[in-house]
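Single-structure report; data block below.
The values are calculated or read from the model by the stated rules, or taken from the named source; none is laboratory data. Computed from a predicted model, the values in this text were never measured in an experiment. Every residue, glycine among them, receives a Cβ derived from its backbone with ideal geometry; neighbour counts consider all protein chains shown. Surface accessibility is based on the protein's heavy atoms, side chains included, excluding ligands, DNA and RNA. Shrake-Rupley method; radii C 1.70, N 1.55, O 1.52, S 1.80 Å.
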Amino acid sequence: MMNCKNAALFAIPLLVLLSPAIAKAQTDEDAITMAKKNLCIGATYMNSSWDHYWEGTFKRNNQNLGTVSTQQVMLMGTYGITKKLNIVVGAPYIWTHSTAGTLHGQHGIQDLSAWVKWEALQQKVGKGVVKVFLLGGGSIPLTNYIADYLPLSIGLQSKTASGRLLIDYQLGNFFATASGTYTGRSDITIDRNSYYTASLHLTNKVFMPDMASWNVRTGYRSKYLIVEGVFSDMITLGGFDIRKNDMPFPSNKMNSTMAGADFKYELKKPKGLSIVGGAMYTLSGRNIGQSTSWDLGVFYIIDFAHKNSQAKSK
Amino acid sequence: MQLFITDIKRTITLIAPLAALLGLSACNKSVSDRTADLPPLAPASEDLNAGSWKPILMPRPDTFAVTAPVATSNTLYIADLNEIKGYQAHLTSDQQGQIAYWSAGGVLRWNEIMLGLMAKYNLPPYQNADGSYPIPSSTNPFAYPYFPFANPPYAARALAYVSAAQYDALVACWHYKTLYNRPAPYLVDSTIKALAGKNNLPSYPSEGAVLAGVSAEMMKLLFPDELANIQQKLQEQETALIASGAAARSDVTAGEALGRQIAGLFIARGRADNAGKAVGTPAGWASLVTTAQSKNQVPWLSLETPARPPMLPLFGKVKGFLCDSATIVALRPGPPPSTGSDSMKAQTQAAYSMIKNATRDQMRIVQFWADGVGTYTPPGHWNAIADGDFVNQNYSEVRWARNLALLNMAEMDAAISCWDIKYYYFNPRPTQMDPTIKTLTGIPNFPSYVSGHSMFSAAAATILGHILPSRATAYMAMAQEAANSRIYAGIHYSIDCTAGFSVGQNIGGYAIKRAQSDGAE
């Protein structure tokens, strides 16, 4: 099992800011694992933009922002400790920009995220196969970027820790995957020492409510090609609404419902190389931008087990 | 299939502790305000002579009569004591929390309530469908746009009125306290506990209730949509005063009534201080443009889309507490460099270089002092700074009020003078002169020269440095950083900040002059 199927792209809805980053990572929302001592590395480019957003439930545009766009280059790697236990690590560089108004865009390295993925169960059910995965993940900011500068900040500065249950069913080339995630978020420290949510806070610490999300993907999956439809829903378990004509804030109640499609194609030559891509659209939301995003990436598998055996045989 | 479901169940029981471990171990979840857990106010001096301090508007400390209280042996007072005992026998945790909250000081807590209202109401109205903007009106409460739009000049004036009224009300309160000399309930009856601390201040009329009455009454002028919430705060404070054993019901009733009467003086002044006309008229806005053009200057333009009318162009005509209108005119600095001059080009170029090369620490400074939309504004920020230092000074309530009144009268007059200068010169922002200057915070919707942050901060640092000389150097450094923050952000020329800083110091000097002659030093 040499291929890098797990390079199929997955939207993590964890960091859908009012602006920018639908941080995307590999393989933490799919049902595919790397073989033992296989390393899959790659890079994706993502572009996301919106010109309408929700202030609470009020949908509007803003001629002092125009279109807000986020570009992201994410480097990531997946390593098979065993066939059933993988680790996934990634970090993005992000640029934000608005086409109107006077606010200065931001750019920089955002957060390091890592997942441990364990295939806990595999079971034949009728003619198909059900797999159950348990995932634990976390993220930490890699730089001291400004969080309190929405919608143009590149991230929220919160450390996160997530637990996910993922169930996959495959029948021939048809598959369906569903997952549910709970994400705990740490308080953040901002540059000012007071702020207003639904009341005044005289502190530079901000309580960040936890988040929950679920994700469904289904489609065609074979050795060389994956094509899938994706539906995801994210809610913030607390937080507050942006008031009319106010600025957004990191602890806003950011919710979203998104739909899209992804593909992954593995080339037969050169062996181990695959191309991934996809697009997502925000159907509805609260305190976030109605983003449309697309992405494209390249991945390559290095098989250390095979290399080692080759070296020994020489 | 049955086997499969059993395995799923087993898997779910596995994931629960995993999620708990991962989800919560890394997350620190405790955020509380700096002033959440203060000890009860314990004044170093009761300032028993404060009844003779110079009031601001009130002609005399006994302008408003307070009838003599009944003797502490009177059955009416015994009934007051029984009410306290009733509360103390069954204190709920909520009541204990209220006692702890209010015992830190009424002036502090009402100041924090004001800061909260300022942040709540500091939102520019959303545009109409035709691209015009609605103007908040006090005669149309509870309808969007909410009244007021608590922008910096409005906020500075609101703070000054509340603080000045609180000060006058406490001067009168202290006058009657020493006149009638009624002891606190816990001194009259030893079975009554002093849950908010003990002091030697006579309790009639209650200073806490005076503050509640005067502050609540001022809201009729300043935050009319908030009257119901404010009335609830008043009741919470008065109940806390009584339940803590600090004041009898009759102390509270007399205090609230006195506070409300004195607020009436300030409300009458506020209705006639020209603030109601500060929005101006479309004809007036247009004449600002033609006046600048007649002087061969590029006139200021709103950088918002749709273009928003200039913020309070006639605020410079508001009647100040420290400076009269002739002084406001005399305080105007000379003009900024002509908009067509090489000097202005150089200043614009400097603004561009600044935003292109901003460091993370400069961005921190920009954000720390930005105090823009949805915040308590720069005058509010300086109140929070003052509060943070005053809580360590063991002031009496009347000295607290006096010091905040000095600060906030300086801030209001700084707003008047600053807005006078801004609309006298009507000078464009750097981004108007060079649209490639992208700023690190929102560009305020009023002219550039001189910087409001520099004026507010210099005025505040000057009077606060007089009040707390050991902090004077630190305050001036903070004010300088606040002024610099506007240059780092790309929203001001450096000349805006140096000129504004100097005028702000002058206005702080007027506050010092008053401080030296009010009898409190």
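Quick notes on this structure:
- Loop-located trypsin sites (Lys or Arg not before Pro) in the range A:97-133, at most 13 other Cβ atoms within 10 Å (DSSP): A:K127
- Accessible area, probe 1.4 Å, largest first, for residues A:D233, B:D94: B:D94, A:D233
- Helix B:227-243 vs. chain B, principal-axis angle (Cα, 0 to 90°, nearest 10): 40
- Overall form of the range B:384-444 per C-alpha gyration tensor (a/c, 1.5; a/b vs b/c): oblate
- With a threshold of 19 Å on the Cα-Cα distance, the over-threshold entries among B:K85/B:K177; A:K36/A:K84; A:K84/A:K269; A:K83/A:K269; A:K223/A:K268; A:K36/A:K117 are B:K85/B:K177; A:K84/A:K269; A:K83/A:K269.
- Of the residues B:T290, B:I242, B:V503, the one whose Cα sits farthest toward the positive end of the charge dipole of chain B, with +1 on the Cβ of Lys and Arg and -1 on the Cβ of Asp and Glu, is B:T290.
- The range B:50-271: relative contact order in percent, alpha carbon pairs under 8 Å with at least 6 residues between: 29
- Ordering of B:83-92, A:244-253, B:379-388 by packing [mean C-beta count within 10 Å, highest first]: B:379-388, A:244-253, B:83-92
- Debye intensity ratio I(q)/I(0), log10, the range B:268-322, q values 0.12 Å⁻¹ (C-alpha model): -0.36
- Rule-of-thumb Rg ratio for the protein assembly as shown [Cα; 2.2 N^0.38 Å; N residues]: 1.12
- Shielding of peptide A:184-190 by partners, expressed as the average count of other chain Cβ atoms within 10 Å per residue Cβ, is 4.
- Straight-distance candidates among the lysines for linking to A:K253, with alpha-carbon spacing under 27 Å and chain neighbours fewer than 8 residues away dropped: A:K24, A:K59, A:K159, A:K205, A:K244, B:K29, B:K120.
- When all protein chains stay in place and ligands, DNA and RNA are ignored, the 1.4 Å accessible-area order of B:D324, A:D28, largest first, is B:D324, A:D28.
- Karplus (6.51, -1.76, 1.60) ³J(HN,Hα), θ = phi - 60°, over the range B:163-179, in Hz, Gly and Pro reported as x: 5, 5, 5, 4, 5, 4, 5, 6, 4, 4, 4, 5, 4, 6, 4, 6, 5
- For A:Y145, the solvent-accessible surface computed with a 1.4 Å probe is close to 20 Å², ligands and nucleic acids excluded.
- Centre separation in Å (Cα based) which lies between the range A:207-272 and the range B:68-106: 57
- Point-charge dipole on Cβ atoms (K/R +1, D/E -1) for the protein assembly as shown, about Cα centre, debye to 20: 3000
- Note on the range A:176-314: with charges restricted to the Cβ of Lys and Arg (+1) and Asp and Glu (-1), its dipole about the Cα centre is near 700 debye.
- Degrees, to the nearest 10: B:106-121 long Cα axis against longest axis of chain B: 40
- Shape of the range A:5-313, Cα gyration tensor, a/c cut at 1.5: prolate
- Over the range A:205-279, equivalent-ellipsoid semi-axes from the Cα gyration tensor in Å: 38, 13, 11
- The range B:415-490 shape via C-alpha gyration tensor axes, a/c threshold 1.5: oblate
- Column: log10 I(q)/I(0), Debye, Cα scatterers of the range A:136-198, q = 0.21, 0.25 Å⁻¹: -0.92, -1.08
- Computed on the range B:278-379, the Cα convex hull volume stands at 174 Å³ per residue.
- Cα pair distances exceeding 28 angstrom across the range B:289-517, given as percent: 29
- At the listed q of 0.10, 0.12 Å⁻¹, the Debye profile of chain B, built from one uniform point per Cα, gives log10 I(q)/I(0) equal to -0.81, -1.06.
- Amide hydrogen neighbours beyond the local backbone of A:T67, cut-off 5 Å, H modeled: A:T99, A:A100
- Kirkwood Rh, Cα atoms: Rg over Rh of the range B:141-275: 1.05
- Folded to 0 to 90 degrees: helix A:304-313 orientation relative to chain A principal axis, Cα: 30
- Estimated translational diffusion coefficient (Stokes-Einstein, Kirkwood radius over Cα pairs, 4 °C, 1.567 mPa s) of the range B:50-271: 70 µm² per second.
- Taking chymotrypsin sites (Phe, Trp or Tyr not before Pro) across the range A:168-242, the ones in a DSSP loop with at most 16 further Cβ atoms lying within 10 angstrom of their Cβ are A:Y224.
- D (Stokes-Einstein, µm²/s), Kirkwood Cα radius, the range A:82-238, 0.890 mPa s at 25 °C: 133
- With all projection directions averaged, the alpha carbon convex hull of the range A:230-314 covers 9.0 nm².
- Derived scalar couplings ³J(HN,Hα) [the range B:56-73; Karplus, 6.51 cos²θ - 1.76 cosθ + 1.60; whole Hz; x for Gly, Pro]: 8, 10, 5, x, 9, x, 10, 4, 10, 6, 10, 5, 4, x, 6, 5, 6, 8
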